[in-house]
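**Q** Sharing a structure, written as C-alpha cells. Questions coming.
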Amino acid sequence: MSTVTASDGTEIFYKDWGPRDGQPVVFHHGWPLSSDDWDSQLLYFLGQGFRVIAHDRRGHGRSGQPSGGHDMDTYAADVATLTDALDLKDAVHIGHSTGGGEVARYVARAKPGRVAKAVLVSSVPPVMVKKESNPEGTPIEVFDGFRASLAANRAQFYIEVAEGPFYGFNRPDAEVSQGLIDRWWALGMAGAANAHYECIKAFSETDFTEDLRQIEVPVLVMHGTDDQVVPYADAGPKSAALLPDGTLKSYEGFPHGMLSTRPEVLNPDLLAFIRS
C-alpha cells in the first residue's frame, strides 16, 4: 500500500492514479468513510486524463489508528504531508462533508503554488453547531446523540444513517440503492471507533469562517437543498458568501450523499469548473 508518515508517526494511506504530468485532483472523503467513497469521481476524472489522488483520513479506512490527532488542524497537516511528499502543484482539492472542512483548512494554509482551485460539496463550513454566532445551526444535542449511538452500537447506527438521511433514502419517492447502503456501512466499520467518535466534534464544532475568508483561489460550493445531514441554509450559501472568489451551485431536492446518488449530474459540473 502507498502511505506517507505524518509528524506523529501515523501512516496515511493514499491512492495516486493517472499520468504524473496530469493536473492533480485531490479528493477528501466524509465521515466516517474512506477514499473508496470517491470511486465514481476517481474513475470519471481518470478517464478525463487527470492525475487523481485520494487518501484515507487518520483513523479511517486503511490509514493508521492513533489515539490522538482527530481534529481539523491535524487533518490539514496530514494533507500537507501528503501534498509535499508528492510535490503536487496547481492541484484541485475537492471535499465532501467533513472533507470539505478539511479542504477549507488546508487550502487556507497551503504553500503558494500548491492549489489552483477548490470545491466544497455538501460541506460542513462555515460551522455546523448552533451557538450565539450561529443561531441557525444544529443543536449540540444532535451531535451528542451521534456520540451516544456510536458508543452504544456503532454497527446499527451506521446502518440507520445510510438507510436514512445520508442518501435521502428515507424520503417517500427515493430510489433506494442497497449497494450504497452496504458500501457506506462497510467503509465506516473499517475505521476506528475512537477516531469516528472524536471526529464528530471536529466536523460539528470547528469554525471555518476565517479559513474561508483567507482562501484566494476560486472555490465552487455545491449543496443539495434536501441535505438532511448538513442543512443547506446554514452551509452552502453562507460559505459562498464568505469566500473571496466563491460560487454557489445549488441542487434542488438533492441529498447529502448526492455525489453517489447523482454522479451523472455532479461529475460533469465538477469537470466544467475545473476546466473553466
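The values are calculated or read from the model by the stated rules, or taken from the named source; none is laboratory data. Remember, it's a predicted structure, so these values are computed and weren't measured experimentally. As a convention, Cβ positions derive from the backbone with ideal geometry for all residues, glycine included, and neighbour counts pool all protein chains shown.
**Q** Is it fair to say residue 31 is among the aromatic types (Phe, Trp, Tyr), at pLDDT 95 or above and more than 18 Å from the chain's Cα centre (by Cα)? Walk me through it before giving the result.
**A** Details: among the aromatic types (Phe, Trp, Tyr): yes; at pLDDT 95 or above: yes; more than 18 Å from the chain's Cα centre (by Cα): no.
Against the criterion (among the aromatic types (Phe, Trp, Tyr), at pLDDT 95 or above and more than 18 Å from the chain's Cα centre (by Cα)), residue 31 does not qualify.
**Q** Scan the range 218-228 and tell me whether some residue there is part of a helix (DSSP H, G or I) and surrounded by fewer than 21 Cβ atoms within 10 Å (Cβ to Cβ). Spell out how you get there, then give the answer.
**A** In the first step, residues of the range 218-228 are kept if they are part of a helix (DSSP H, G or I); the result is none.
The answer is no, given that none of the residues of the range 218-228 is part of a helix (DSSP H, G or I) and surrounded by fewer than 21 Cβ atoms within 10 Å (Cβ to Cβ).
**Q** Considering only residues of the range 115-137 that are within 21 Å of residue 251 (Cα to Cα) and of a type outside the set (A, V, I, L, M), which is surrounded by the fewest Cβ atoms within 10 Å (Cβ to Cβ)? Explain how you work it out, then say what you get.
**A** Let us first name the residues in the range 115-137 that are within 21 Å of residue 251 (Cα to Cα), namely 117-128, 136-137.
Still in the list and also of a type outside the set (A, V, I, L, M): 117, 122-123, 125-126, 136-137.
Working: 117: 20, 122: 29, 123: 31, 125: 27, 126: 24, 136: 10, 137: 19.
The extreme case among them is 136.
**Q** Moving on. List pairs: first residue in the range 47-66 and over 16 Å from residue 80 (Cα atoms) and free of Cβ contacts under 8 Å to residues at least 12 places away in the same chain, second residue outside any strand (DSSP E or B) and among the aromatic types (Phe, Trp, Tyr) anywhere in the structure, Cβ distance under 9 angstrom, at least six positions apart or on different chains.
**A** Listed by first residue and then by second, the contacts come to nothing, as the list is empty.
**Q** Could you figure out which of (1) within 23 Å of residue 274 (Cβ to Cβ); (2) surrounded by fewer than 24 Cβ atoms within 10 Å (Cβ to Cβ); (3) over 13 Å from the mean Cα position of the chain (by Cα) isn't true of residue 107?
**A** (2)
**Q** Tell me yes or no: at least one residue of the range 49-56 is closer than 25 Å to residue 257 by Cα, among the aromatic types (Phe, Trp, Tyr) and over 18 Å from the mean Cα position of the chain (by Cα).
**A** Checked against the condition, which is being closer than 25 Å to residue 257 by Cα, among the aromatic types (Phe, Trp, Tyr) and over 18 Å from the mean Cα position of the chain (by Cα), the range 49-56 yields at least one hit.
**Q** Within the set of pairs 6 or more residues apart or between chains, which connect a residue that is closer than 23 Å to residue 58 by Cα inside the range 174-194 to a residue that is modelled with pLDDT under 95 and surrounded by fewer than 17 Cβ atoms within 10 Å (Cβ to Cβ) with Cβ atoms less than 9 Å apart?
**A** none
**Q** Let me ask something else. Taking residue 257 as meeting all but one of (1) surrounded by fewer than 23 Cβ atoms within 10 Å (Cβ to Cβ); (2) out of contact with any strand residue (DSSP E or B) (no Cβ under 8 Å at 6 or more places or on another chain); (3) under 19 Å from residue 102 (Cα atoms), write down the number of the exception.
**A** (1)
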